[in-house]
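J.: Sharing a structure here in structure tokens format.
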Amino acid sequence: MNNLSIRHLRAFTEIAKNGSFTRASEVLHLTQSTLTATIKQLEELAGLKLFDRTTRRVLLTGEGESFLPIAEKLLSDFDTAFNDLKAITSHQQGQVGIAASPSMIGRVLPDIVKSYHQQYPHIGIYLRDDNASGIEQRVLDNDVDFGIGSNHSNLPELNYTTVLVDSYGIVFPPSHPLASCSQLTWQMISAYPQVHLTEDSGTRSQLYQLEKDYDLDLRLTGTLIEVSTPAGLAEMINAGIGISLLPALAASTSAFSNLSFAPLSNPKLQREMCIISRKGRALSPAAETLLEVVTDKFKNASLPDYVKRIEK
């Protein structure tokens, strides 16, 4: 039975439908000799006759009548599955998933999603808002097609393609004493209470690295207030609990609209935002097209201050 194919089933059902090898060969665009040979192969594989031939008509045997609905269902299932594949290829159906940082979802992705959805209205898009390590894990688990975030863990199973770079700075209420300073340095902020994102965030891991590389005291350990989301962090700063250190893209989202942002120098720290994909995994046609839209938008999008694109 290993040699049974779709062509055998099509030949069988078409002859049963038309009651004639001649008419069936015309429908299938085959010569009668080819069609006869195909049915002979099918009957040899089955080990029994499926048709009785008369001078006027071709009739199904009892075994052929029993097999006909099964063959028709197999063909219907195959045609449905294959048409679904073609629909996915032509972007008539499908679903694409992206995991991204809250700042990326809040600041950059809305225009991208809108543009893609206008071009391909039958493709579903789902976004997963997550921290840096969560984005990487979602890509590893195939929960999403690709991610957009910082390189948190530099995992060997993932590809990281840098698309944006933004500068770190301080976020504070407009009435804060730092608002009167013309230039802010990392050393100046240690005198003020601080609020930080939790340790699983890409922001926090980069601050730890800066503290180590430049021998700074950023007060990242000990008794401090930590918040898991940028929106929660903004509320803490608005309440006057403390200032915080954030990348410019994150500070440009609506949650921080009532707060001030100023870049820090000496040293200047920048964060890379990457498109993250899994090595050895091919994207679906819909995901591949969305990735092209994302890449194109990054090349042409209007970006906040202190955020720049990487020219390829």
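J.: Only one of these is surrounded by 14 or more Cβ atoms within 10 Å (Cβ to Cβ) and not aliphatic (A, V, I, L, M): ARG7, ARG57, ARG53. Name it.
T.: Answer to the check: ARG7.
J.: Among residues belonging to the stretch 136-182 that are small (Gly, Ala, Ser) and more than 23 Å from TYR126 (Cβ to Cβ), point out the one that is farthest from the chain's Cα centre (by Cα).
T.: SER180
J.: Hey, among the residues in the stretch 278-290 that are surrounded by fewer than 19 Cβ atoms within 10 Å (Cβ to Cβ) and touching a residue at least 12 places away in the same chain (Cβ under 8 Å), which one's farthest from the chain's Cα centre (by Cα)?
T.: Once the filter is applied, the top-ranked residue is LYS279.
J.: Of everything in the stretch 184-211, what is farther than 22 Å from MET104 by Cα and touching a residue at least 60 places away in the same chain (Cβ under 8 Å)? Give them in sequence order.
T.: LEU184, THR185, TRP186, GLN187, ILE189
J.: When the residues of the stretch 59-71 are filtered to those that are touching a helix residue (DSSP H, G or I) at 6+ places or on another chain (Cβ under 6 Å) and free of Cβ contacts under 8 Å to residues at least 60 places away in the same chain, which remaining residue is nearest to ARG23 (Cα to Cα)?
T.: LEU60
J.: In the stretch 12-37, which residue that is of a type in the set (Ser, Thr, Tyr) and in contact with a helix residue (DSSP H, G or I) (Cβ under 6 Å, 6 or more places away or on another chain) is surrounded by the most Cβ atoms within 10 Å (Cβ to Cβ)?
T.: SER25
J.: Quick one: which residue in SER252, SER284 is assigned by TED's automatic domain parsing to the domain that holds PHE146, closer than 30 Å to HIS117 by Cβ and touching a strand residue (DSSP E or B) at 6+ places or on another chain (Cβ under 9 Å)?
T.: Being assigned by TED's automatic domain parsing to the domain that holds PHE146, closer than 30 Å to HIS117 by Cβ and touching a strand residue (DSSP E or B) at 6+ places or on another chain (Cβ under 9 Å) holds for just one of SER252, SER284, which is SER284.
J.: Looking at ILE310, is it surrounded by 14 or more Cβ atoms within 10 Å (Cβ to Cβ), modelled with pLDDT of 90 or more and of a type in the set (Val, Ile, Thr)?
T.: On the way: surrounded by 14 or more Cβ atoms within 10 Å (Cβ to Cβ): yes; modelled with pLDDT of 90 or more: no; of a type in the set (Val, Ile, Thr): yes.
So ILE310 fails the test.
J.: Output the number of the condition that TYR208 fails; it satisfies all remaining conditions of (1) in contact with a helix residue (DSSP H, G or I) (Cβ under 8 Å, 6 or more places away or on another chain); (2) in a helix (DSSP H, G or I); (3) closer than 27 Å to LEU140 by Cα; (4) assigned by TED's automatic domain parsing to the domain that holds SER180.
T.: Every listed condition holds for TYR208 apart from (1).
J.: Return the pair list, or none, for Cβ contacts closer than 7 Å from residues in the stretch 1-30 that are under 16 Å from THR61 (Cα atoms) and in contact (Cβ under 8 Å) with a residue 40 or more places away in the chain to residues that are charged (D, E, K, R) and surrounded by 14 or more Cβ atoms within 10 Å (Cβ to Cβ), at least 6 apart or on different chains.
T.: Pairs found: THR13/GLU72.
J.: Ok, one more. Give, as residue ranges, the strands (runs of 3 or more DSSP E) completely inside the stretch 120-201 that count at least 3 residues that are β-branched (Val, Ile, Thr), surrounded by fewer than 22 Cβ atoms within 10 Å (Cβ to Cβ) and at pLDDT 90 or above.
T.: 158-172
The values are calculated or read from the model by the stated rules, or taken from the named source; none is laboratory data. Every value quoted in this text rests on a predicted model; they were computed, and no experiment measured them. Positions of Cβ are backbone-derived with ideal geometry, glycine not excepted, and every protein chain shown enters the neighbour counts.
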